[in-house]
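Laboratory data are not the source of any read-out in this text; all were calculated from the coordinates shown. Every value quoted in this text rests on a predicted model; they were computed, and no experiment measured them. Note that each Cβ is placed from the backbone with ideal geometry, even for glycine, and that neighbours are counted across all protein chains shown.
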Amino acid sequence: MNERTVLAGARVVLPSGVVDAGRVTIEGGRVAESAPHEAPTLDLSGHWIVPGFVDVHVHGGGGASFSSGDPEEALTAIRTHRAHGTTTMVASTVTGDLADLARQAAVLAELTQQGDLAGIHFEGPFISPHRCGAHQPELLRDPDPADVRKLVDAAHGAARMMTLAPELPGGLESVRLLVDHGVIAAVGHTDSTYEATLEAVDAGATVATHLFNAMPSLLHRAPGPVAALLEDERVTVELINDGTHLHASVLELAFARAGADRVAFITDAMGAAGMTDGMYPLGPMRVEVKDGVARIADGPTAGSIAGSTLTLDTAFKRAVTVDGLAVEDAVRALSTTPARLLGLADRVGSLEPGKDADLVVLDGSYDLVGVMRRGEWLVRPEVG
C-alpha cells in the first residue's frame, strides 16, 4: 500500500489514550501524519483500531512448529499468528540437544534476516529438571556459559532471548554472558529461591518466563521467584491469558503489582494454535490437544500442560471482557510493552507517525475483523 489511505471513524487507541471517531493515515507502509480529506478513506465506524500485537514467546501454530527446522513450517506458523493479529513475533524453540537447536537456529535466523521474525527465543535446555514442564528431562543440562555461547553464536545475531534457571551451576555467569551479547536473559522453568532470583536480576535478567507457571508457588514464608520477579521494576513478566494457565485472580494480582507497563501477554502457543483437537508434535514430544488444552501425551512428563493453543486476539478479548482490563491496558500488554522489551518501540507497538503500519481492527465485541502489516492488509475488514 504505497498510496495514502485513511482509516476513519473507529475508536483508535493511541499512546495518549482512546480517540473516538479517530483517523489513522497510512502511506508507504507506515503510519503518516494526518491526510487531507480527499485521500481514499475506509470507514470503520463502530470498530476499534489497535496496534498490531507483539508476541515474544510462541512455539508454533497452524499445525507447524518453529522447532521443526523446516522454513516452510515456520512460515506456516508465522502466517497463522499474523491472521490473528500478531504482526511481530519471536520464535521460541523447545529443549533439544545442542546440535539440533543450532540447526533450528540457523533456519530461524534466516527468517529473522528476511524480516519474517523478530528473533529467536531459546527456551531450554538450561532449565530445572524439577520444573521442566513440557521439556524432555533427559535433554536438560546446566547452563554452562560455553554451551550458552554456542547457541547464541548459532543464531548469527538473531538470538533475542534465552530462558534459564539461574540457580543451576553456571546460571548467574550465563545471565551475564547473555547480557554482554545483547540477549535478554529470562528466568523461567526454575526452582529458584527468592534470594537467588534477585541475584539473577542483579546480574541482568529482565524477563519472567510465563510467570507463575513452571516455578515454585508464592508462599508466605518462602516467596520464591514469583515475588522477586513481580516486585522488581527492572523485570517484565510474561502472562499466558488463556484461562487455563492462570486463574483470573492471579492475573489481577500480577497487574496490580507490576502494572501494564511491565506485563507482556504471550501465547506460548504450540503447533495446535489455530487448529482443531488432536495429536501434535512439540519438539521431540507428542502432545494431545483436548478441548483446546495441550498436554504431553506420554513419557515421564505425561499430562503436563504443553504450552497453549492461544492466539493473541483471543487473549485481547479475554483481557477486556473477562478480566476487566481497560482497552488501553490490554494494548500495552499485547503491543507496547513487548515491543519495548524487544527494543523495537521505535518501529512497532503503537500507532504513531513514522512507525510501521501494523494494526488490528476489532468489531464492537472485540472480535478481530482486520489485520494490517506494514501497510498491507492480511485480513481486510468487510465493512459497508
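Observations, loosely collected:
- Per-residue ellipticity at 222 nm computed for the chain from its helices equals -7500 deg cm²/dmol, with DSSP H segments shorter than 4 residues left out and the rest contributing -39,500 (n - 2.57).
- Annotation: the antiparallel percentage among DSSP beta bridges lying fully within the chain is about 55.
- Viscosity 1.306 mPa s, 10 °C: Kirkwood-radius Stokes-Einstein D of the stretch 252-378 over Cα pairs, µm²/s: 97 µm²/s
- Sorted ascending by nearby beta carbons within 10 Å, beginning with the fewest, Asp232, Asp358 become Asp232, Asp358.
- Each pair of Cα atoms in the stretch 43-98 enters the Kirkwood radius, and Stokes-Einstein at 37 °C and 0.692 mPa s then converts it into a translational diffusion coefficient of 264 µm²/s.
- The phi torsions of the stretch 16-30, fed into the Karplus equation with coefficients 6.51, -1.76 and 1.60 and a -60° offset, translate into couplings of 7, x, 8, 10, 6, 6, x, 9, 10, 9, 10, 8, x, x, 10 Hz, rounded to whole numbers, with Gly and Pro shown as x.
- Of Val322, Val287, Val237, the one that fluctuates the most in a GNM where the chain has Cα springs shorter than 10 Å: Val322
- Scalar couplings 3J(HN,Hα) for the stretch 45-52, obtained by applying the Karplus form with A = 6.51, B = -1.76, C = 1.60 to θ = phi - 60°, are 4, x, 10, 10, 10, 10, x, x Hz; x denotes Gly and Pro.
- Under 5 Å between amide hydrogens, built in the peptide plane, is the criterion, and for Ile184 it picks out Met161, Met162 among residues at least 5 positions away or on other chains.
- Inverse of mean 1/r across different Cα pairs in the stretch 30-131, Kirkwood, Å: 15.6 Å
- Per-peptide packing, taken as the mean over residues of other Cβ atoms within 10 Å, places 18-29, 43-54 in the sequence 43-54, 18-29 from highest down.
- Comparing Ala254, Leu239, Val289 along the charge dipole axis of the stretch 201-311, the residue lying farthest to the positive side is Val289, per the Cβ-charge model.
- Taking only the Cα atoms of the stretch 341-384, the radius of gyration and Dmax are 11.9, 38 Å.
- Amide N proximity, the stretch 217-253 versus His130 label position 7 Å along Cα-to-Cβ, cut-off under 11 Å: 217
- Partner lysines whose Cα lies under 26 Å from the Cα of Lys290, excluding those fewer than 8 positions away in the same chain, are identified as Lys317.
- Seen against the Cα atoms of the chain and their longest principal axis, helix 248-258 is set at about 90 degrees.
- Folded to 0 to 90 degrees: helix 171-180 orientation relative to the chain principal axis, Cα: 40 degrees
- Between the amide H of Lys355 and those of Val31, distances stay under 5 Å, these residues lying 5 or more places away or on another chain, with hydrogens modeled in the peptide plane.
- The tail of the calculated P(r) for the stretch 215-267, taken as Cα-Cα distances beyond 15 Å, holds 46 percent of the pairs.
- Between 0 and 90°, nearest 10: helix 312-321 axis offset from the chain longest Cα axis: 80 degrees
- Most positive-pole-ward Cα, Pro125, Ile184, Ala339, against dipole of the stretch 53-341 from beta carbon charges: Ala339
- Extension gain from Lys150 to Ser16, taking 0.36 nm per residue of separation minus the Cα-Cα distance: 43.9 nm
- Note: the chain, Cα convex hull, 123 Å³ per residue.
- Whole-Hz couplings from phi, Karplus 6.51/-1.76/1.60, listed for the stretch 226-234; x for Gly and Pro: 4, 5, 4, 6, 6, 7, 8, 5, 7
- Amide H contacts under 5 Å for His210, placed H, 5+ residues apart: Glu238
- Once the chain from Thr193 to Ala256 is taken as fully extended at 0.36 nm per residue, the excess over their C-alpha distance is 20.4 nm.
- With both residues required to sit in the stretch 5-104, DSSP beta bridges show an antiparallel share near 55%.
- GNM result for the chain, Cα springs below 10 Å: residue of Ala264, Ala345, Ala200 fluctuating most strongly: Ala345
- The stretch 76-207: radius of gyration over Cα atoms, expressed as a fraction of 2.2 N^0.38 Å: 1.03
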